[in-house]
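Report on one structure; see the data block that follows.
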Amino acid sequence: MASRVIPVDPFDLVIFGATGDLARRKILPALFRRFVAGQIEGDVRLIGAARSDMDAKAYREMVREAITEFGGDEARRKKDLSAFLALLDYVTINARGTTGWADLAGKMRDDRIRAFYFSVAPSLFGDLAKRLHKHGMADDDSRIVVEKPFGRDLGTARDLNRVLARHFDEGQIYRIDHYLGKETVQNLMAIRFGNVLFEPLWNSQYVDHIQITVAESVGVGGRGDYYDKSGAMRDMVQNHMMQLLCLIAMEPPAKFEPDAVRDEKLKVIRALDPVLPDNVVRGQYESEGKQPGYRTQVGDDESTTESFVALKAHISNWRWAGTPFYLRTGKRLRDRASEIAVVFKDAPHSIFGEEAGRHCNILTIKLQPNEGIELGVTIKEPGPGGMRLIDVPLDMTFAEALGPEEADFPDAYERLIMDVIRGNQTLFMRGDEVEAAWAWTDPIITDWEEHARAPLPYSSGSSGPDDALMLMHRDGRRWREIRP
Ligand code: BG6
């Protein structure tokens, strides 16, 4: 069964920061794959805009190389690649000056959807918005796409929202969190709201706790400069982990529509209790064999930035009062494995006696790398010898259930960029949501700073600092193993 691809309406897309890493690794390959899939067709213009002085021909060459490197299997389709490159144009532009703006405005067509992708440092957002407005490109059909980090605390996020709001309505601003574009993350909503099975149990009466793990095996690599000013809290928890938490905890929206979904997510964030210092653990990876440690990688022997965070959160509302949410994310951990585990309570009474042991059901939503869901159920251990119980997984790997082709999920950016063109903001963060997430995160970071709480070292390839294990042990619970 081939998936249905509905072509989007004709559009002009301008990518500011068109020669940068994100454009080369993610945005352009994503556009190319949508082109190969037949979703982008006809009269479309993709205009790269950056400071580098080059012409369209040189830009196409640069994009050809980028797609060959990052475009996946489709990049081998030379004819498609040439046809895609023909859609590209380039403008040398100065975000803070006058160069290139009239030229860019001249390339825009009136009867098209216009999208402007700000793949640049947030300090330039305001300049770009202002100049787009000044040169008549910020009309009702325009939309802008902005990347994370959206601020580094509540104050800076507010400033960014204010700056953008001067020239664009909220309905025109698409704040990307690429986790929302992941197929399995969207599946969270399908699993919860498309089945009657789970929702009646989805509350503190039946759920003992929820664990969200986003573990990476890689270190900070070449991104040390950025990462060391950010840390895992700002890089992962405030945005990606928060979004996962929202989707797992929110009330059913009345419709799968942008504001209906975002209103519910916002309520979750606002219902989060402040996190007590005892309920958060920060860590930093050490060297292991030939693998350099965090400090070596960021080139600062005294860095106190965390590459790991584990915390316990509480949501104070009727549904979740009393059910803790344990979040954990880090780099250089044992494996690359991300999952959400909903751990249900034990059966209220065991009819099988002590020796049968205690058992609980666990619903695991595996986000990556092997996307799927697994429901742990308790059964009788086969064979004679009495009633002994064991837990077995009802396992559904999407690749097996759907077939490898259907489970070959598009990259998050493919889905999200097409949503921008379609004008669908459901999977984008609203300004108030981002601010609320910072309002919750800020006190945790401030506490670290004010009390100089240094991150605890952990070995590369481990599950993080021991204190993170203790965070659960002291509640009589255990983290699930980090495994793909
Ligand atoms: C990015 C973070 O937003 O997400 C990175 O800046 C992180 O530090 C990445 O590695 C993880 O994304 P994914 O899709 O690989 O899970």
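From the list ASP432, ASP411, pick out the single residue that is modelled with pLDDT under 90 and touching a helix residue (DSSP H, G or I) at 6+ places or on another chain (Cβ under 7 Å).
When all the criteria are applied, what remains is ASP411.
For ASP177, indicate whether it is touching a Ser or Thr at 6+ places or on another chain (Cβ under 7 Å), among the charged types (D, E, K, R) and within 16 Å of the ligand (Cβ to nearest atom).
Answer is no for this residue.
Find all pairs meeting these conditions: Cβ atoms under 7 angstrom apart; at least six residues apart or on different chains; first residue within segment 147-158 and in contact (Cβ under 8 Å) with a residue 12 or more places away in the chain and more than 15 Å from MET242 (Cα to Cα); second residue part of a loop (DSSP other than H, G, I, E, B) and among the small types (Gly, Ala, Ser).
Going by the 7 Å Cβ cut-off, the qualifying pairs are GLU147/SER119; ALA157/GLY151.
From ARG332, ARG336, which residue is within 16 Å of the ligand (Cβ to nearest atom), surrounded by 20 or more Cβ atoms within 10 Å (Cβ to Cβ) and touching a residue at least 12 places away in the same chain (Cβ under 8 Å)?
ARG332
In this structure, does LEU375 turn out to be open to solvent by less than 60 Å² (accessible area, probe 1.4 Å), part of a strand (DSSP E or B), at pLDDT 90 or above and away from the ligand (no atom under 16 Å from the Cβ)?
yes
Provide a single number: the residues in segment 416-449 that are under 23 Å from GLY330 (Cα atoms) and of a type in the set (Asp, Glu).
Number satisfying all stated conditions: 3.
Between ARG282, ARG270, which is open to solvent by less than 70 Å² (accessible area, probe 1.4 Å), among the basic types (Lys, Arg) and out of contact with any His (no Cβ under 9 Å at 6 or more places or on another chain)?
ARG282
Please return the ranges of helices (runs of 4 or more DSSP H) entirely within segment 220-310 where 2 or more residues are within 16 Å of the ligand (Cβ to nearest atom) and not basic (Lys, Arg).
Counting at least 2 such residues, we get 224-228, 242-249, 294-298.
Go through VAL185, VAL145, VAL163 for me and flag whichever is touching a Lys or Arg at 6+ places or on another chain (Cβ under 9 Å), open to solvent by less than 50 Å² (accessible area, probe 1.4 Å) and part of a helix (DSSP H, G or I).
None of the other options fit; the residue is VAL163.
With respect to SER142, determine if the residue is in contact with an Asp or Glu (Cβ under 7 Å, 6 or more places away or on another chain) and hydroxyl-bearing (Ser, Thr, Tyr).
So SER142 does not fit the description; no.
Any residue at all in segment 237-249 that is open to solvent by 30 Å² or more (accessible area, probe 1.4 Å) and in contact (Cβ under 8 Å) with a residue 40 or more places away in the chain?
No: zero hits.
Which count do you get for residues in segment 55-74 that are crowded, with 16+ Cβ neighbours inside 10 Å, more than 26 Å from the chain's Cα centre (by Cα) and either hydrophobic (A, V, I, L, M, F, W, C) or more than 26 Å from LEU128 (Cα to Cα) (or both)?
2
The values are calculated or read from the model by the stated rules, or taken from the named source; none is laboratory data. Note that the structure is a prediction, hence the values are computed from the model and not measured. Neighbour counts run over all protein chains shown; Cβ positions are idealised from the backbone, glycine included. Heavy atoms of the whole protein, side chains included, go into the accessibility calculation; ligands, DNA and RNA do not. Shrake-Rupley method; radii C 1.70, N 1.55, O 1.52, S 1.80 Å.
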